[in-house]
Amino acid sequence: MTLDHTPLAQGLADGLRAQGTPDRLATVFARVPRHRCLPRAFWGEDRAWYDRNTDPDEWLRAAYTDQPLVTQVDDGASGGMGIPSSSSSAPSIMARMLAAADLRPGQQVLEVGTGTGYNAALLTELVGADHVTTIEVDQTLADTARAALAAAGYLPTVLHGDGENPTVPASSQDRLIATCTVADVPWRWLDVVRPGGRIVTPWSPSPGGPGGVLAALDVDGDQARGRFEGSLAFMWSRSQRRPARSMPDLDARPDQVDQVTGDPREAWLDGDMAVLLSLLVPGWAHGLGFEPDTEEPHVRVASTSCASWMWLHADGRVESAGSRLLWEEFAAGLSWWRAQGAPDVTEFGLTVDRHRGTQTVWLRSPDAAVWATDRRRA
């Protein structure tokens with residue numbers, strides 16, 4: 001390897017600073033050697049392949065770009081479909097999460113999802129090694145991260161276990177930062193974070209939904225609540241990544257076919273708008289499908305609470321089946337959203353209430369509920 005990583009890390013930090021990352025956080029990205037936490041080979045954006053053995057300089061350059069780097073597929077099993085299952089997140093996203101956590105030296109921090117260990121190294125720089133515990137469900141990833149961190153001079157506590165049920169004492173953490181998306185914020189997280197502490201996690205209303213949001217939830221006993229800090233997409237927690245119901249087969253027969261004006265797929269094909277839809281209407285998953293002799297994909301939307309579904313086609317057709325009138329629900333949700341002044345994702349928030357067993361999405365104020373789910377009845 002002919003390149004020195006130091007100017008590359010400084011360039012990454014400068015880029016983050018230019019995007020608005022606070023200086024005290026950007027400086028940490030200049031100090032922590034990201035490449036020391038990465039495997040010999042990984043995938044970048046657009047499935048670009050970087051291999052240290054064949055092109056070490058390009059591998060090193062990729063390590064200090066602001067992009068997510070896929071470091072594991074198919075949970076590490078061979079012969080799979082190549083579905084990403086672990087990654088080193090884009091540094092700008094990591095910076096957003098660290099900023100949302102409002103970290104200070106000496107705070108006790110629990111990270112759920114160690115992955116490569118890079119974020120644990122950043123946390124160690126910010127609060128001190130004795131104050132960082134990171135937990136990883138994948139034994140191989142936990143062992144690899146522990147070794148990489150130690151080799152780079154970082155010694156947080158690295159545990160192998162279920163991050164949704166972490167084995168740390170109750171009320172022992174000032175911050176909990178999850179590097180995986182959840183739909184149900186685990187009750188145990190409210191146990192381990194002391195009152196006045198904060199949970200920072202990617203959150204989505206249901207597995208299979210579009211992307212997600214960054215939730216920064218302040219803990220007060222049996223309740224945690226806070227506004228969303230914008231949209232973002234993370235890999236799902238392994239126990240929550242499957243929708244409650246599978247998508248209907250492509251040859252499923254509709255009960256009804258309607259013709260609407262314009263392209264009904266537009267909102268679902270716009271990432272930011274699709275995330276808003278998930279906050280306006282709960283309980284659905286979506287995907288894309290192709291029919292023979294068509295160039296444009298159709299959007300497939302299926303309820304996660306019943307067998308209802310709808311297919312949205314470029315030519316204006318809306319095919320649907322089941323008792324839940326999904327198209328009408330989304331139309332009503334969008335109409336209500338426009339009447340509220342077309343609020344941004346950051347004007348919505350979440351309350352997790354263990355005593356009531358509910359998760360409530362609200363707009364502008366916790367008293368203004370948009371909808372709620374009762375997990376005791378799930």
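State whether the residues of the stretch 172-180 include one that is of a type outside the set (Asp, Glu) and farther than 24 Å from Trp203 by Cβ.
No, the conditions are met nowhere in the stretch 172-180.
Can you find a residue that is within 26 Å of Ser239 (Cα to Cα), free of Cβ contacts under 8 Å to residues at least 40 places away in the same chain and either surrounded by fewer than 15 Cβ atoms within 10 Å (Cβ to Cβ) or among the acidic types (Asp, Glu) (or both) anywhere in the stretch 90-109?
Within the stretch 90-109, not a single residue is within 26 Å of Ser239 (Cα to Cα), free of Cβ contacts under 8 Å to residues at least 40 places away in the same chain and either surrounded by fewer than 15 Cβ atoms within 10 Å (Cβ to Cβ) or among the acidic types (Asp, Glu) (or both).
Looking at Pro264, Pro202, can you tell me which residue is buried (at least 23 other Cβ atoms within 10 Å of the Cβ), without any contact (Cβ under 8 Å) to a residue 60 or more places away in the chain and either in a loop (DSSP other than H, G, I, E, B) or on the phi < 0 side of the Ramachandran plot (or both)?
Result: Pro202 is the single residue among Pro264, Pro202 that is buried (at least 23 other Cβ atoms within 10 Å of the Cβ), without any contact (Cβ under 8 Å) to a residue 60 or more places away in the chain and either in a loop (DSSP other than H, G, I, E, B) or on the phi < 0 side of the Ramachandran plot (or both).
Does Ala145 satisfy the condition of being part of a helix (DSSP H, G or I), surrounded by 24 or more Cβ atoms within 10 Å (Cβ to Cβ) and of a type in the set (A, V, I, L, M)?
Taking the combined requirement at face value, the residue satisfies it.
Of everything in the stretch 22-80, what is among the β-branched types (Val, Ile, Thr) and within 30 Å of Arg104 (Cα to Cα)? Give them in sequence order.
Thr27, Val28, Val32, Thr65, Val70, Thr71
Checking the conditions here, which among Ser231, Ser237, Ser305 is closer than 13 Å to Pro205 by Cα, of a type in the set (Gly, Ala, Ser) and buried (at least 18 other Cβ atoms within 10 Å of the Cβ)?
Just one listed residue meets the conditions, Ser231.
Anything in the stretch 26-59 that is buried (at least 17 other Cβ atoms within 10 Å of the Cβ) and hydrophobic (A, V, I, L, M, F, W, C)? List them, or say none.
Ala26, Val28, Phe29, Ala30, Val32, Cys37, Leu38, Phe42, Trp43, Trp59 - these are the residues of the stretch 26-59 that are buried (at least 17 other Cβ atoms within 10 Å of the Cβ) and hydrophobic (A, V, I, L, M, F, W, C).
Please determine whether any residue of the stretch 234-242 is of a type in the set (A, V, I, L, M) and over 25 Å from the mean Cα position of the chain (by Cα).
no
Could you check Leu126 against (1) surrounded by fewer than 22 Cβ atoms within 10 Å (Cβ to Cβ); (2) in a loop (DSSP other than H, G, I, E, B) and say which number it fails?
So the condition that Leu126 fails would be (2).
Looking at Thr116, is it more than 19 Å from Arg40 (Cβ to Cβ), in contact with a strand residue (DSSP E or B) (Cβ under 9 Å, 6 or more places away or on another chain) and of a type in the set (Ser, Thr, Tyr)?
So Thr116 fails the test.
Name the residue, out of Ala170, Ala152, Ala148, Ala129, that is in the same structural domain as Gln108 (by TED's automatic domain parsing), of a type outside the set (Phe, Trp, Tyr) and under 25 Å from Trp187 (Cβ atoms).
Within the list Ala170, Ala152, Ala148, Ala129, the selection yields Ala170.
Can you pull out the residues in the stretch 199-217 that are more than 19 Å from Gly163 (Cα to Cα) and modelled with pLDDT of 95 or more?
Hit for the stretch 199-217 is Val213, nothing else.
Here's the yes/no breakdown for (1) hydrophobic (A, V, I, L, M, F, W, C); (2) over 11 Å from Pro91 (Cβ atoms); (3) in contact with a strand residue (DSSP E or B) (Cβ under 7 Å, 6 or more places away or on another chain):
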site: Pro7; (1), (2), (3): no, yes, no
site: Gln10; (1), (2), (3): no, yes, no
site: Ala13; (1), (2), (3): yes, no, no
site: Gln19; (1), (2), (3): no, no, no
site: Pro22; (1), (2), (3): no, yes, no
site: Thr27; (1), (2), (3): no, yes, no
site: Gly44; (1), (2), (3): no, yes, yes
site: Arg47; (1), (2), (3): no, yes, no
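Among (1) within 23 Å of Gly230 (Cβ to Cβ); (2) without any contact (Cβ under 8 Å) to a residue 12 or more places away in the chain; (3) hydroxyl-bearing (Ser, Thr, Tyr), which single condition is Ser335 missing?
Among (1) within 23 Å of Gly230 (Cβ to Cβ); (2) without any contact (Cβ under 8 Å) to a residue 12 or more places away in the chain; (3) hydroxyl-bearing (Ser, Thr, Tyr), the lone unmet condition for Ser335 is (1).
So which residues in the stretch 148-170 are touching a helix residue (DSSP H, G or I) at 6+ places or on another chain (Cβ under 7 Å), among the small types (Gly, Ala, Ser), assigned to a loop (DSSP other than H, G, I, E, B) and more than 11 Å from Ala120 (Cβ to Cβ), if there are any at all?
Ala170 - this is the single residue of the stretch 148-170 that is touching a helix residue (DSSP H, G or I) at 6+ places or on another chain (Cβ under 7 Å), among the small types (Gly, Ala, Ser), assigned to a loop (DSSP other than H, G, I, E, B) and more than 11 Å from Ala120 (Cβ to Cβ).
Among the candidates Asp66, Asp23, single out the residue that is modelled with pLDDT of 95 or more and surrounded by fewer than 13 Cβ atoms within 10 Å (Cβ to Cβ).
Going through Asp66, Asp23 in turn, the sole match is Asp23.
I'm told Asp315 meets every condition in (1) modelled with pLDDT of 95 or more; (2) more than 23 Å from Ser303 (Cβ to Cβ) except one. Can you identify the failing condition by its number?
(1)
The values are calculated or read from the model by the stated rules, or taken from the named source; none is laboratory data. Since we're looking at a predicted model, the values are computed, not measured. Please note: Cβ atoms are built from the backbone with ideal geometry, for glycine as well, and neighbour counts cover all protein chains shown.
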